[in-house]
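**Q** Take a look at this one; I'll ask things after.
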Amino acid sequence: MNNYEIVVIGGGPAGLAAAIEARKNGVKKILLIERDRELGGILQQCIHNGFGLHIFKEELTGPEYAERYIQELITMGIEYKLNTMVIEITKNRQITAINTIDGIMHIQGKAIILAMGCRERTRGAVRIPGTRPAGILTAGMAQRFVNMEGYMIGKRIIILGSGDIGLIMARRLTLEGAQVLAVAEIMPFSGGLTRNIVQCLEDYNIPLFLSHTVVDIEGQDRVKAVTIAKVDKNSIPIKGTEKRFECDTLLLSVGLIPENELSKCAGIELDKVTGGSIVNESMETSIEGIFACGNVVHVHDLVDWVTEESKRAGKSAAKYVKGESTGRYKVINIKGINGVRYVIPQLLRVKNITESINLMMRVDNIYKNIKFIVKGNGQKIKEIKRAHVAPGEIETIKITLNELTYRDYNEISVEIVKEEA
Amino acid sequence: MEPKDMICIACPLGCRLSIYEDNSAEGFIVSGNKCLRGIDYAVKEMTNPTRVLTTTVKISKAFFSRIPVRTNGAIPKSLIYEAMKLINCIEIQAPVRMGQVLIKNILDTGVDIIASRSMYEREMLDHIKDSTFEVKKSL
Amino acid sequence: MFDVAVIGAGITGTFIARELSKYQLRVLMIEKDNDIANGTTKANSAIVHAGYDVLQGTLKAQLNVKGNKMYEEVCRELQVPFKRIGSLVIAFNNNEIKLLEELYKRGLSNGVPDMEILSRERVLALEPNLNDDVIGALYAKTAGIVGPWELAIALAENALENGVELFLNSTVTGIKKIKDFYCVKAGNQDINTKLVINCAGIYADKINDMVSDIHFKMLPFKGEYNLFDKNAGDMVNTIIFRCPSDAGKGVVILPTVHGNLLIGPTSELVDSKDALQTTSEGLKFIQQHTKLTLKGINFGNVITSFTGLRAKTMLHDFIIEEAEDALGFINVAGIDSPGLTAAPAIAEYVLNLIKHRLGNIQKNEKFSSSRRPNINFMELSVEEKRKIIQKDPKFGRIICRCEGITEGEIIDVIHRKPGAKTLDGVKRRARPGSGRCQGGFCTPRVMEIIARELGIDITEVVKDGLDSYILTGETK
C-alpha cells in the first residue's frame, strides 16, 4: 500500500490547480493520477483562445493555460503518474489504479480530490433516429482528431447542438477546409457563450437553426444525409418543416455530463440536477476527506472558474490532512428556485468561511433585466441586478461572512425576480 | 443614424453593445460596454474588424503530428484565410517551446504566429514514465 | 473443390460450419459483409426461448426445445456468456390469464420443462419493478440470455481452428450447377463446391432464386431496440414478455449478459432490406409500451438504439430442406424467432441432410470443441490481474474506461480468428465503446491500436463496412 496525504484524480485544470494549491498550503506528499499520456486534460485539445481572462487577465489558448499550471506543478516537484487509470475508490479513501509499469497499485490517501472532469452526451442519450453509419461523432472527439492527431473527420458537416464545443468546432472545421452546412439547436437559444456565436458562426456565415433538431440520418456505411426539423414548445418535431442536407458528417454537441463513475463506486451522494457530487463550501463531498472540483462537480463555462473552485478544494483538503479541519458544524442547505437550476455549493458551514463565498449557479432560460434575490430562511439577504442571463453562462454571487451571520439561517435560496420596468 | 447593435467578443462575457457615429474625436459613441475594451472592440468592428487566429501546424519528431499555434495579436478578419494558407505550408520539428515564433510578421500585419504549447521530442517523451524524470529534466 | 459452401456467416451459418468441422469435410463460409455476425445476428433480442409459444407440431417447436437444451454445453465449450435466467409472460387481466394457461399447455405439448403459473405475489416478489396491476405470469425457467454475436464469433473461431475457411466481403452474385457440383460466384472468386447451404438470412430468397425455381420470399420485419446503461440493468431479473393481444406483442424487457437492460422490439414489415434506421415513432412505441409494464424506468439512461431485420417468410415454419429441383442445395431460410435458440439444433438437423446427400462422412479426429476463452481483465482476481500485466504490460493500459477494457484485450481480439479489423468488430468482441460514453473516449485510441496491429494507416480504419471510413484524411 502506498500512502499519500492527498491523492488527486485527474490531471486537467481542476486537478492541477487543486494539487498546486494543496502544496502551497503545506502538504508534502501529494500524488496526481492522470489517465492520458500527458497532463492538461481536455485543455490540450481546446486550441482556441479565451482562457484565463479572469485569472491572468490574458486571453490564452487551452494548451497555454494548461502549460502554466503544468510548469508550476513540475517546479513544485509534485509527484504524478501518467497513463494511469483509477479503477476503484472506497469510502475509506483507498484507491486502486493500474498502468503498464506499476501494474496494479493500491494507494491510501488521507484525503482524495476528485477531478475527473466530464464526458459528452452521445447520440444514444438524445435518441436521434436514423441509421448508424460512420461519420456521427461527438464534437469533443472531433476536436481531438483535428487538433491533436491532425486528421479531418469529414467534408460536409452538420452540427447538432450549439454548446461551446460545437460552435468552436464549426469554425475550426471551416478553417481546415470543411463546409459546415448548419448548426441546429433544439432550444430556442444557444447553450454556448454569445461570443462564440459571433466569432465562430457569424464570422463564417454558418447558419444557426434555433428550435431545430435532427429527425433523420441516412447512409449505410457513411452518413449520406441529415434531416433537421423545427420543434414545437415541447421539443417535438413539426411535420412539414424538414430540411434535408446532403453531408458526410454529423457532429454532436449535445451536452456534458460530470464523470462520476468513481464517485458512485465510493458511495458519494450525487446531485440529480448537476449530475455531479453534492459539495459543501470546502468542496467536500458527502464522504469525509473526499473532495471534488471542476467539471466533475458541475459543468463550467469558463476554465477560470474551474481553477478558482479547485483551489478551494486543494486548500480545504490541505486543512483536512493537517487536522485543521473544521469538524461538524451546523450545515445550511442552499438551493436554486424560480429560474435558478442549481447552486454550488449545495451545503454551507458558516464557520468555515473566512471572508466570503462565491455561489455559482446556472439559470434555466434567457432572462433580461432581472434581479437575483438571495434569501435566508425566506428573508432577503441581498439582491443583484443583471441585464441579461443565459443558461450557457454561469452566474456568480458573492456572499460575505457578515451577510451570512446576520441571522442564524437554516436554508439559503437563490431565485430570479423580474425587475419592474 | 441608427445605432448598430453588436455583441462584444473581447472577452467571454459577451456585452451587448450599441454603437453610432458622431462628431466626437473618436467618431463613435458606444454604450452597453462593461469595460473600456468594449469601446475598442465596437469601433474596430466598424472600421477594421480583427481576430486572433488559432490553428495548428505540422510538426515532426513529436508525439503528436500537429502543434497548436496562434497569432500573438489580432489580425484583420479579411486576412484569415490567407494566413491559414501560409500556416498550412510550414512544418516544424520538435522540440518547440511555448511562445516560440514560428512565422514572423505574417502578411505584414506585424503579428507573429507562435506555438501555443511546448512539445518535446518523441524519443524523450517515451521515457517520461513519471514525474521524477520530468523534474530532473526541468532542472 | 469444397465439400460444403455455407452462404452467410450469421448465427445459423456459423453453427452449421462448426458442426461440419467435426467431420472430414472441406467447408467454406462465404460472407458478404466485412465481418461475421453482421446481419440479424447483431441486432435481435438475444433470448434463448423456452419454447412454449411456438405452434405445436412444427419444425420450429421441435428445434426450439431441442436447441434450448443444447445451449449450456456449447456456451461452456466456447466460453460464451449464457445465463438461464428464466422468462415471465405477465398478465394484467383474466383474459390474459387464460392465455397463459393456453401457453402453458402448448409448452407441455412442445416438451418444455420447468414451467409454472405464478400468482401476483410471486411475480412481484420475483420482479418488484413491474407495474402493480400485474395479476399473474407464466414462468419458464429454461429461458435464457446469450451474447448472440459473441456466440457466432466464437463458433466461427472454433470452426476456423478446426479447418473451415472463410471469405469475407464476398457477395454471392451467381450460382451455377455444373455436372455434380455448384460454382458459386462470390466477390471476385469462383468457388466450386459439392453442396451449398443457404444461410443468407434476409437475402435467402435471392440466393434460392439463383438455383431453384421453387420460390419463397423473405419479408424483412424491422425491430427497433433501446439499450440502457448498466445502472438500469437490474430493473428486471428475468425476461419479461407481455401477453400477445390484438394490439400486438408489446415489448420484451430483459437484462443482457453484460448487465445492461434491453427493451424492444417494435415490429414492422418494411420494403427494404437496408431499412436499418431507427425512427422517432419506434422509439416512442418502445417508451409507451415499457411504461405499461415497468414502473420507474428512466429513458435518459438509454445509451444506444438499434434496428434489426427479422428473416421472416409467409410460412409459419423454418424452411430447412434441400431444394426439390436442386440436389445438393440446402435452404436454411426463414430463421426468425426462435432462430437463435434453435440454431444449435438446426446445425444438427442440417448435418443429417448433408449426411444423406454425401453418404458416409468421416469424423474429424483432430476436432477440438473448445477455444481459448476471451480475456476479461476486469473479471480477473487482483492476483491474476497482476500476473497478466507482468506478462504483458499492455493489460495495464485501460482503453475503454466505461467497460474497463485494456489494450491487451483489444490486441487479442484483433489477432484471433476471424480477427477484428474494424471498430465495430473490436467492439463486438472486446466491448470497448459499448458502455455509457459509446466510444466518446476510446474511439481514437482503438483506431490507433487497430492501425498499428494491422499495419495500416489510421485513415484506413473503418467502422464496419469497407466504405464506412471515419477519417477523411490529414489536416493541412
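Every read-out reported here was derived from the displayed coordinates using simple, explicitly stated rules and does not represent laboratory data. Not measured: the values here are computed from a predicted model. Here Cβ is always computed from backbone atoms with ideal geometry, including for glycine, and neighbour counts include all displayed protein chains.
**Q** Under 1.5 on a/c is rounded, so check that first for the range A:186-234, then, if it is not, pick prolate when a/b is larger than b/c and oblate when it is not; a ≥ b ≥ c are the square roots of the alpha carbon gyration tensor eigenvalues.
**A** On the way: a/c = 3.02, a/b = 1.42, b/c = 2.12.
Oblate, since a/c reaches 1.5 and b/c is not below a/b.
**Q** Here's something else I'd like to know. Considering only DSSP beta bridges whose two residues both sit in the protein assembly as shown, what percent are antiparallel, to the nearest 5? Don't skip to the answer; put the middle values down first.
**A** Details: 136 of 195 bridges.
Roughly 70 percent of the DSSP beta bridges within the protein assembly as shown come out antiparallel.
**Q** Based on DSSP, what percent of beta bridges with both residues in the range A:330-421 are antiparallel, to the nearest 5?
**A** Details: 28 of 32 bridges.
The antiparallel fraction comes to roughly 90 percent.
**Q** Taking springs between alpha-carbon atoms closer than 10 angstrom, which of A:Pro391, A:Pro133, A:Pro13 fluctuates most in the Gaussian network model of chain A?
**A** A:Pro133
**Q** What spacing in nm lies between the two simple spin-label points modelled at C:Lys284 and B:Leu107, each 7 Å away from Cα in the Cβ direction?
**A** In this crude label model, C:Lys284 to B:Leu107 measures out at 5.0 nm.
**Q** Longest span of chain C, sites excluded, free of GluC sites (Glu not before Pro) in DSSP loop with at most 15 other C-beta atoms within 10 Å? Could the numbers behind the result be given before it?
**A** On the way: sites that count: C:Glu324, C:Glu365.
Segment C:1-323 is the longest.
**Q** Give me the percent relative contact order of the range A:330-421, please, defined on Cα pairs under 8 angstrom at least 6 residues apart.
**A** On the way: 204 pairs, mean separation 34.9, N = 92.
The value is 38 percent.
**Q** A further question on this structure: If amide hydrogens are placed 1.01 Å from N in the peptide plane, which non-local residues have theirs closer than 5 Å to the one on C:Lys312?
**A** HN-HN under 5 Å from C:Lys312: C:Leu219, C:Phe221.
**Q** While we're on this one: Using amide H atoms built in the peptide plane, which far-off residues or other-chain residues are under 5 Å from B:Ser118 H to H?
**A** B:Met98
**Q** While we're here: Given only helices, namely DSSP H runs of n ≥ 4 each adding -39500 (n - 2.57), what is the per-residue ellipticity at 222 nm of chain C, to the nearest 500 deg cm²/dmol? Write down the numbers at each step before the final one.
**A** Numbers: 12 runs with 147 residues, N = 476.
Theoretical 222 nm ellipticity from helices: -9500 deg cm²/dmol.
**Q** So, one more: From the C-alpha gyration tensor of the protein assembly as shown, pull out the three semi-axes of the equivalent ellipsoid (sqrt of 5λ each), sorted largest to smallest, in whole Å. It would help to have the intermediate numbers written out before the result.
**A** On the way: eigenvalues 586, 216, 176 Å².
For the protein assembly as shown, the ellipsoid semi-axes come out as 54, 33, 30 Å.
**Q** Continuing with the same structure: Once the principal axes of the Cα atoms of chain A are found, what is the range along each, listed largest first in whole angstroms?
**A** 63, 63, 38 Å, listed from the longest principal axis down.
**Q** Another one. Rounded, prolate or oblate: pick one for the range C:48-194, where a ≥ b ≥ c are the square roots of the eigenvalues of its C-alpha gyration tensor, a/c under 1.5 means rounded, and failing that, prolate if a/b is larger than b/c, else oblate. Kindly include the intermediate steps, with their values, before the conclusion.
**A** Values: a/c = 3.05, a/b = 2.28, b/c = 1.34.
Cα axes put the range C:48-194 in the prolate bin.
**Q** Turning to a different aspect of this structure: Name the trypsin sites (Lys or Arg not before Pro) in the range A:214-314 that are in a loop by DSSP and that have at most 16 other C-beta atoms within 10 Å, would you? Show your work: numbers first, answer last.
**A** Working: sites: A:Arg222, A:Lys224, A:Lys230, A:Lys233, A:Lys239, A:Lys243, A:Arg244, A:Lys264, A:Lys272, A:Lys311, A:Arg312; in loops: A:Lys224, A:Lys233, A:Lys239, A:Lys272.
Within the range A:214-314, the qualifying trypsin sites (Lys or Arg not before Pro) (loop, at most 16 other Cβ atoms within 10 Å) are A:Lys224, A:Lys233, A:Lys239, A:Lys272.
**Q** Taking the Cα centroid of the range C:16-31 and of the range A:55-77, what is the distance between the two, rounded to the nearest whole Å?
**A** Taking the Cα centre of the range A:55-77 as reference, the centre of the range C:16-31 is 62 Å away.
**Q** A further question on this structure: Within the range A:175-206, what residues put their amide N at less than 11 Å from the label point 7 Å along the Cα-to-Cβ vector of A:Phe245?
**A** Within reach of a label on A:Phe245: A:179-185, A:206.
**Q** Also, quick follow-up: Across the range A:237-252, in residue order, what do the Karplus-derived ³J(HN,Hα) couplings come to in whole Hz, using 6.51 cos²θ - 1.76 cosθ + 1.60 with θ = phi - 60° and x for Gly and Pro?
**A** Rounded to whole hertz, the list is x, 9, 4, x, 9, 5, 10, 9, 10, 6, 7, 10, 8, 10, 9, 10.
**Q** For the range A:330-421, what's the radius of gyration and Dmax over Cα atoms, in angstrom?
**A** Every Cα atom of the range A:330-421 included, Rg and Dmax give 12.7, 40 Å.
**Q** Round to the nearest 0.05 the FRET efficiency obtained for B:Arg97 and A:Phe56 when R0 = 25 Å and r is the Cβ-Cβ distance. Intermediate results must be reported in sequence, preceding the final value.
**A** Values: r = 18 Å, r/R0 = 0.74.
Computed FRET efficiency for B:Arg97 and A:Phe56: 0.85.
**Q** Using a 10 angstrom cutoff on alpha carbons, build the Gaussian network for chain A and name the most mobile of A:Ala18, A:Ala178, A:Ala111.
**A** Looking only at A:Ala18, A:Ala178, A:Ala111, the largest GNM fluctuation is found for A:Ala178.
**Q** Which whole-number percent gives the relative contact order of chain A, counting Cα pairs below 8 Å spaced six or more residues apart? Mind dumping the intermediate values first?
**A** Details: 1028 pairs, mean separation 65.8, N = 421.
Taking the mean separation of contacting Cα pairs over the length of chain A, I get 16 percent.
**Q** Still on this structure: In nm, to one decimal, how far is the modelled label at C:Glu379 from the one at C:Ser109, with both set 7 Å along Cα→Cβ?
**A** Label at C:Glu379, label at C:Ser109, 4.0 nm between them.
**Q** Run the numbers on the range C:377-460 and let me know its relative contact order in percent, using alpha-carbon pairs under 8 Å that are six or more apart. Numbers along the way, then the final one.
**A** Working: 103 pairs, mean separation 20.3, N = 84.
Rounded, it is 24 percent for the range C:377-460.
**Q** Next question. Non-local amide H neighbours of C:Cys243 (under 5 Å, H modeled in plane, Pro and chain starts lacking H): which ones?
**A** C:Ile90
**Q** Enumerate the calculated ³J(HN,Hα) couplings along the range C:146-159 in order (Karplus 6.51 cos²θ - 1.76 cosθ + 1.60, θ = phi - 60°), each rounded to whole Hz, writing x wherever the residue is Gly or Pro.
**A** 8, x, x, 6, 4, 5, 4, 5, 5, 4, 5, 4, 5, 5
**Q** A further question follows. Between C:Thr171 and C:Glu73, what is 0.36 nm times their sequence separation minus the Cα-Cα distance? Round to one decimal in nm.
**A** Details: separation 98, 0.36 × 98 = 35.28 nm, distance 3.28 nm.
Gain on stretching C:Thr171 to C:Glu73: 32.0 nm.
**Q** Expressed as a whole number of Å, what is the distance separating the alpha-carbon centroids of the range A:202-268 and the range B:54-122?
**A** Distance between centres, Cα-based: 33 Å.
**Q** While we're looking at this one, here's another question. Just the number: Rg to Rh for the range B:4-47, Cα atoms, Kirkwood Rh, two decimals.
**A** 0.93
**Q** Note the angle between two axes, namely the Cα long axis of helix A:164-175 and the longest principal axis of the Cα atoms of chain A, as a number of degrees from 0 to 90, rounded to the nearest 10.
**A** The helix A:164-175 is inclined about 50 degrees to chain A.
**Q** Next question, about the same structure. Angle between the Cα long axis of helix A:303-321 and the longest principal axis of chain A, 0 to 90 degrees, nearest 10?
**A** It works out to around 30 degrees.
**Q** For the range A:44-102, which chymotrypsin sites (Phe, Trp or Tyr not before Pro) pass both filters: DSSP loop (anything but H, G, I, E, B) and at most 16 other C-beta atoms within 10 Å?
**A** Numbers: sites: A:Phe51, A:Phe56, A:Tyr65, A:Tyr69, A:Tyr80; in loops: A:Phe56.
Counting only loop positions with at most 16 other Cβ atoms within 10 Å, the chymotrypsin sites (Phe, Trp or Tyr not before Pro) in the range A:44-102 are A:Phe56.
**Q** Tell me, what ³J(HN,Hα) does each residue in the range A:61-67 have, in order and in whole Hz, if you take phi through Karplus 6.51 cos²θ - 1.76 cosθ + 1.60 with θ = phi - 60° and put x for Gly and Pro?
**A** 7, x, x, 5, 4, 4, 4
**Q** Out of the range C:98-171, which trypsin sites (Lys or Arg not before Pro) are coil in DSSP terms and have no more than 12 other C-beta atoms within 10 Å? Don't skip to the answer; put the middle values down first.
**A** Working: sites: C:Lys98, C:Lys105, C:Arg106, C:Arg120, C:Arg122, C:Lys141; in loops: C:Lys141.
Listed in order of number, the matching sites amount to none.
**Q** Hey, with R₀ at 45 Å, roughly what FRET efficiency would C:Glu460 and A:Thr400 work out to, going by the Cβ-Cβ distance, to 0.05?
**A** Numbers: r = 61 Å, r/R0 = 1.36.
Efficiency computed from Cβ-Cβ geometry: 0.15.
**Q** Using alpha carbons only, how many angstrom separate the centre of the range C:53-109 from the centre of the range A:97-130?
**A** 40
**Q** Please compute, over every Cα-Cα pair in chain C, the percentage with a separation greater than 29 angstrom. Intermediate results must be reported in sequence, preceding the final value.
**A** Values: 56423 of 113050 pairs.
Counting pairs separated by more than 29 Å, the tail of P(r) holds 50 percent.
**Q** For the pair C:Ile178 and A:Leu347, what calculated FRET efficiency results from E = 1/(1 + (r/R0)^6), where r is the Cβ-Cβ distance and R0 = 60 Å, to the nearest 0.05? Working shown, then result.
**A** Working: r = 82 Å, r/R0 = 1.36.
Once the sixth-power term is evaluated, E becomes 0.15.
**Q** Something else about it: Once the Cα atoms of helix A:13-24 and of chain A are each reduced to a long axis, what angle between those two axes, in degrees from 0 to 90 to the nearest 10, is obtained?
**A** It is inclined by approximately 20 degrees.
**Q** What is the ratio of the Cα radius of gyration of the range C:377-460 to 2.2 N^0.38 Å, with N the residue count, to two decimals? Don't skip to the end; give the middle numbers.
**A** Working: Rg = 12.3 Å, N = 84, 2.2 N^0.38 = 11.8 Å.
Against the empirical 2.2 N^0.38 Å value, I get 1.04 for the range C:377-460.
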